[in-house]
Amino acid sequence: LKMKGQKADKLNALNEMHEKRVAMEQQRANEARNEAEWGSLPDKTVILDKKVWREIFDVRIPTKDIRATRAHKGQASAIAFDKNGHILASCGTDAAVRLYEVKSGSLLDTLSGHTASILDIDFSSDEKLIMAAGNDARALIWSMETKRQRMVLTGHTSKICACSFSTDAKQAYTGSYDRTVRIWDMQTGRKSHTIDCGSAVNYLSVCAGGNILGTAHLDRSVRLWSSRDGEEVDSSSDALK
(Lines give C-alpha, C1' and ligand atoms only; values in the text may rest on other atoms or scores of the structure.)
Protein backbone atom coordinates (compact mmCIF):
# COMPACT_ATOMS: atom_id res chain seq x y z
CA LEU A 1 0.00 0.00 0.00
CA LYS A 2 2.87 2.31 0.82
CA MET A 3 4.44 1.69 -2.60
CA LYS A 4 1.11 2.28 -4.32
CA GLY A 5 0.76 5.56 -2.47
CA GLN A 6 4.25 6.64 -3.52
CA LYS A 7 3.52 5.76 -7.14
CA ALA A 8 0.27 7.72 -6.96
CA ASP A 9 2.09 10.74 -5.52
CA LYS A 10 4.70 10.50 -8.28
CA LEU A 11 2.01 10.32 -10.97
CA ASN A 12 0.23 13.30 -9.45
CA ALA A 13 3.47 15.29 -9.43
CA LEU A 14 4.14 14.35 -13.07
CA ASN A 15 0.60 15.33 -14.04
CA GLU A 16 0.98 18.67 -12.24
CA MET A 17 4.26 19.35 -14.04
CA HIS A 18 2.67 18.47 -17.38
CA GLU A 19 -0.29 20.78 -16.72
CA LYS A 20 2.05 23.64 -15.80
CA ARG A 21 4.11 23.08 -18.97
CA VAL A 22 0.96 23.03 -21.13
CA ALA A 23 -0.30 26.21 -19.44
CA MET A 24 3.02 27.99 -20.01
CA GLU A 25 3.09 26.96 -23.66
CA GLN A 26 -0.48 28.18 -24.07
CA GLN A 27 0.43 31.49 -22.43
CA ARG A 28 3.41 31.93 -24.77
CA ALA A 29 1.21 31.16 -27.76
CA ASN A 30 -1.39 33.71 -26.63
CA GLU A 31 1.30 36.34 -26.08
CA ALA A 32 2.75 35.70 -29.53
CA ARG A 33 -0.70 35.95 -31.11
CA ASN A 34 -1.48 39.17 -29.23
CA GLU A 35 1.87 40.67 -30.18
CA ALA A 36 1.30 39.82 -33.84
CA GLU A 37 -2.18 41.34 -33.80
CA TRP A 38 -1.75 44.28 -31.41
CA GLY A 39 1.98 44.82 -31.04
CA SER A 40 2.05 47.77 -33.44
CA LEU A 41 -0.20 49.81 -31.13
CA PRO A 42 1.16 51.93 -28.23
CA ASP A 43 3.18 49.82 -25.80
CA LYS A 44 1.83 51.52 -22.69
CA THR A 45 -1.66 50.05 -23.14
CA VAL A 46 -2.63 46.52 -22.14
CA ILE A 47 -4.12 44.17 -24.72
CA LEU A 48 -7.71 45.01 -23.78
CA ASP A 49 -6.95 48.73 -24.07
CA LYS A 50 -5.37 48.10 -27.45
CA LYS A 51 -8.50 46.34 -28.64
CA VAL A 52 -10.65 49.25 -27.49
CA TRP A 53 -8.16 51.68 -29.07
CA ARG A 54 -8.48 49.99 -32.44
CA GLU A 55 -12.27 49.62 -32.22
CA ILE A 56 -12.76 53.31 -31.39
CA PHE A 57 -10.07 54.92 -33.52
CA ASP A 58 -9.62 52.23 -36.17
CA VAL A 59 -5.87 52.63 -35.75
CA ARG A 60 -3.59 51.23 -38.41
CA ILE A 61 0.04 52.04 -37.74
CA PRO A 62 1.90 52.52 -41.05
CA THR A 63 4.48 49.86 -41.83
CA LYS A 64 6.06 51.70 -44.78
CA ASP A 65 6.07 55.19 -46.26
CA ILE A 66 3.67 56.12 -49.05
CA ARG A 67 6.25 58.22 -50.81
CA ALA A 68 9.84 59.30 -50.12
CA THR A 69 11.26 62.48 -51.65
CA ARG A 70 14.79 63.81 -51.43
CA ALA A 71 13.60 67.35 -50.81
CA HIS A 72 16.78 69.22 -49.83
CA LYS A 73 20.48 69.31 -50.54
CA GLY A 74 21.16 69.18 -46.81
CA GLN A 75 19.08 68.07 -43.84
CA ALA A 76 15.32 68.65 -43.83
CA SER A 77 14.49 70.60 -40.66
CA ALA A 78 10.70 70.95 -40.56
CA ILE A 79 7.50 70.39 -42.51
CA ALA A 80 3.99 71.84 -42.47
CA PHE A 81 0.72 71.06 -44.24
CA ASP A 82 -1.66 73.75 -45.39
CA LYS A 83 -5.10 73.79 -43.76
CA ASN A 84 -6.71 71.50 -46.34
CA GLY A 85 -3.78 69.11 -46.55
CA HIS A 86 -3.26 69.73 -50.25
CA ILE A 87 0.20 71.30 -50.02
CA LEU A 88 3.21 70.20 -48.00
CA ALA A 89 6.00 72.68 -47.27
CA SER A 90 9.48 71.61 -46.19
CA CYS A 91 12.55 73.57 -45.15
CA GLY A 92 16.13 72.65 -44.50
CA THR A 93 19.77 73.46 -44.02
CA ASP A 94 20.04 74.48 -47.69
CA ALA A 95 18.08 77.67 -46.80
CA ALA A 96 15.25 76.73 -49.16
CA VAL A 97 11.50 76.26 -48.71
CA ARG A 98 9.95 73.73 -51.07
CA LEU A 99 6.24 73.32 -51.78
CA TYR A 100 4.84 69.95 -52.86
CA GLU A 101 1.44 68.77 -54.00
CA VAL A 102 0.53 66.07 -51.50
CA LYS A 103 -1.52 63.90 -53.85
CA SER A 104 1.05 63.61 -56.62
CA GLY A 105 4.23 64.43 -54.71
CA SER A 106 5.25 66.86 -57.44
CA LEU A 107 7.32 69.95 -56.63
CA LEU A 108 5.21 73.09 -57.03
CA ASP A 109 7.71 75.80 -56.16
CA THR A 110 10.88 76.70 -54.28
CA LEU A 111 10.96 79.81 -52.09
CA SER A 112 14.27 81.53 -51.43
CA GLY A 113 15.56 84.48 -49.45
CA HIS A 114 17.11 82.99 -46.34
CA THR A 115 20.89 83.06 -46.04
CA ALA A 116 21.29 80.22 -43.54
CA SER A 117 19.57 77.03 -42.38
CA ILE A 118 15.81 77.24 -41.90
CA LEU A 119 14.55 75.70 -38.66
CA ASP A 120 10.77 76.13 -38.72
CA ILE A 121 7.89 76.83 -41.08
CA ASP A 122 4.16 77.58 -40.86
CA PHE A 123 1.12 78.32 -43.03
CA SER A 124 -1.41 81.00 -42.08
CA SER A 125 -4.90 79.66 -41.35
CA ASP A 126 -6.34 81.47 -44.37
CA GLU A 127 -3.65 79.81 -46.53
CA LYS A 128 -2.62 83.17 -47.97
CA LEU A 129 0.83 83.29 -46.34
CA ILE A 130 3.70 81.01 -45.47
CA MET A 131 6.46 81.87 -42.99
CA ALA A 132 9.91 80.40 -42.43
CA ALA A 133 12.58 81.28 -39.86
CA GLY A 134 16.03 80.09 -38.97
CA ASN A 135 19.71 80.61 -38.30
CA ASP A 136 19.94 84.00 -40.02
CA ALA A 137 17.78 85.45 -37.18
CA ARG A 138 15.07 86.46 -39.64
CA ALA A 139 11.54 85.31 -40.46
CA LEU A 140 10.48 85.61 -44.08
CA ILE A 141 6.88 85.64 -45.23
CA TRP A 142 5.75 84.85 -48.77
CA SER A 143 2.41 85.15 -50.54
CA MET A 144 1.03 81.72 -51.41
CA GLU A 145 -0.74 83.23 -54.41
CA THR A 146 2.24 84.92 -56.08
CA LYS A 147 5.08 83.06 -54.26
CA ARG A 148 6.72 86.46 -53.80
CA GLN A 149 8.24 87.67 -50.57
CA ARG A 150 5.84 89.89 -48.61
CA MET A 151 7.65 90.64 -45.36
CA VAL A 152 11.01 90.29 -43.64
CA LEU A 153 10.76 90.23 -39.85
CA THR A 154 14.02 91.34 -38.25
CA GLY A 155 15.15 92.25 -34.75
CA HIS A 156 16.20 89.00 -33.10
CA THR A 157 19.88 88.77 -32.22
CA SER A 158 20.21 84.99 -32.48
CA LYS A 159 18.72 82.14 -34.47
CA ILE A 160 14.93 81.77 -34.60
CA CYS A 161 14.01 78.21 -33.65
CA ALA A 162 10.23 78.49 -33.97
CA CYS A 163 7.59 80.50 -35.77
CA SER A 164 3.82 80.45 -35.98
CA PHE A 165 0.85 82.47 -37.16
CA SER A 166 -2.03 83.33 -34.87
CA THR A 167 -5.25 81.39 -35.48
CA ASP A 168 -6.81 84.42 -37.21
CA ALA A 169 -3.64 85.12 -39.24
CA LYS A 170 -3.51 88.70 -37.92
CA GLN A 171 -0.33 88.13 -35.91
CA ALA A 172 2.85 86.09 -36.17
CA TYR A 173 5.11 84.80 -33.41
CA THR A 174 8.83 84.08 -33.50
CA GLY A 175 10.86 82.41 -30.74
CA SER A 176 14.63 82.81 -30.62
CA TYR A 177 17.79 81.74 -28.85
CA ASP A 178 18.11 85.39 -27.80
CA ARG A 179 15.60 84.45 -25.06
CA THR A 180 12.72 86.43 -26.53
CA VAL A 181 9.47 85.84 -28.35
CA ARG A 182 8.35 88.59 -30.66
CA ILE A 183 4.75 89.26 -31.66
CA TRP A 184 4.28 90.77 -35.13
CA ASP A 185 1.39 92.67 -36.67
CA MET A 186 0.61 91.14 -40.08
CA GLN A 187 -1.00 94.32 -41.34
CA THR A 188 2.17 96.39 -40.94
CA GLY A 189 4.92 93.78 -40.56
CA ARG A 190 6.06 95.56 -37.42
CA LYS A 191 6.77 94.15 -33.98
CA SER A 192 3.93 94.82 -31.54
CA HIS A 193 5.35 93.15 -28.41
CA THR A 194 8.55 91.54 -27.15
CA ILE A 195 8.35 88.81 -24.50
CA ASP A 196 11.43 88.39 -22.33
CA CYS A 197 11.37 84.65 -21.63
CA GLY A 198 14.52 84.37 -19.55
CA SER A 199 15.74 81.35 -21.51
CA ALA A 200 16.39 80.39 -25.13
CA VAL A 201 13.22 79.41 -26.98
CA ASN A 202 13.29 75.97 -28.59
CA TYR A 203 9.68 75.78 -29.73
CA LEU A 204 6.36 77.63 -29.58
CA SER A 205 2.76 76.76 -30.30
CA VAL A 206 -0.59 78.57 -30.30
CA CYS A 207 -3.54 76.78 -28.68
CA ALA A 208 -6.61 76.00 -30.80
CA GLY A 209 -8.58 78.81 -29.17
CA GLY A 210 -5.88 81.26 -30.16
CA ASN A 211 -5.62 83.06 -26.82
CA ILE A 212 -2.65 81.19 -25.33
CA LEU A 213 0.89 80.96 -26.66
CA GLY A 214 3.06 78.15 -25.28
CA THR A 215 6.87 78.14 -25.35
CA ALA A 216 9.45 75.44 -24.60
CA HIS A 217 12.90 76.48 -23.37
CA LEU A 218 16.53 75.47 -23.01
CA ASP A 219 16.23 75.64 -19.21
CA ARG A 220 13.69 72.76 -19.32
CA SER A 221 10.77 75.08 -18.65
CA VAL A 222 7.43 75.40 -20.42
CA ARG A 223 5.75 78.78 -20.24
CA LEU A 224 2.30 80.06 -21.24
CA TRP A 225 1.63 83.60 -22.42
CA SER A 226 -1.26 85.72 -23.56
CA SER A 227 -1.07 85.62 -27.35
CA ARG A 228 -2.50 89.13 -27.50
CA ASP A 229 -0.03 91.10 -25.37
CA GLY A 230 2.58 88.58 -24.18
CA GLU A 231 1.70 88.64 -20.49
CA GLU A 232 2.82 85.45 -18.73
CA VAL A 233 -0.02 83.15 -17.75
CA ASP A 234 1.82 80.20 -16.21
CA SER A 235 5.17 78.41 -16.14
CA SER A 236 6.43 74.97 -15.16
CA SER A 237 9.99 73.71 -14.81
CA ASP A 238 11.81 70.88 -13.09
CA ALA A 239 14.69 73.30 -12.71
CA LEU A 240 12.56 75.48 -10.44
CA LYS A 241 11.59 72.68 -8.06
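The values are calculated or read from the model by the stated rules, or taken from the named source; none is laboratory data. Nothing here was measured: the structure is a model prediction, and the numbers come from that model. We place every Cβ from the backbone using ideal geometry, glycine too, and count neighbours over all the protein chains shown. Side chains included, ligands, DNA and RNA excluded: accessible areas come from the protein's heavy atoms. Shrake-Rupley method; radii C 1.70, N 1.55, O 1.52, S 1.80 Å.
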Quick one: in region 118-136, which of the residues that are out of contact with any Asp or Glu (no Cβ under 8 Å at 6 or more places or on another chain) and either farther than 18 Å from residue 206 by Cα or assigned to a strand (DSSP E or B) (or both) is most open to solvent (accessible area, probe 1.4 Å)? 135
Regarding residue 119, is this residue at pLDDT 95 or above, of a type in the set (A, V, I, L, M) and more than 25 Å from residue 184 (Cα to Cα)? no
Those residues of region 137-155 which are of a type in the set (Ser, Thr, Tyr) and either open to solvent by 20 Å² or more (accessible area, probe 1.4 Å) or not in a strand (DSSP E or B) (or both) amount to 146, 154
Can you tell me which residue is least open to solvent (accessible area, probe 1.4 Å) among those in region 158-182 that are among the polar types (S, T, N, Q) and assigned to a loop (DSSP other than H, G, I, E, B)? 166
Subset of region 187-204 [more than 25 Å from the chain's Cα centre (by Cα) and part of a loop (DSSP other than H, G, I, E, B)]: 187, 188, 189, 190
When the residues of region 205-221 are narrowed to those that are in a loop (DSSP other than H, G, I, E, B) and modelled with pLDDT of 90 or more, which ends up least open to solvent (accessible area, probe 1.4 Å)? 210
Restricting the search to region 222-241, which residues are polar (S, T, N, Q) and either open to solvent by 60 Å² or more (accessible area, probe 1.4 Å) or at pLDDT 95 or above (or both)? 236
Within the bounds of region 98-107, is there any residue that is outside any loop (DSSP other than H, G, I, E, B), open to solvent by less than 40 Å² (accessible area, probe 1.4 Å) and touching a Phe, Trp or Tyr at 6+ places or on another chain (Cβ under 9 Å)? no
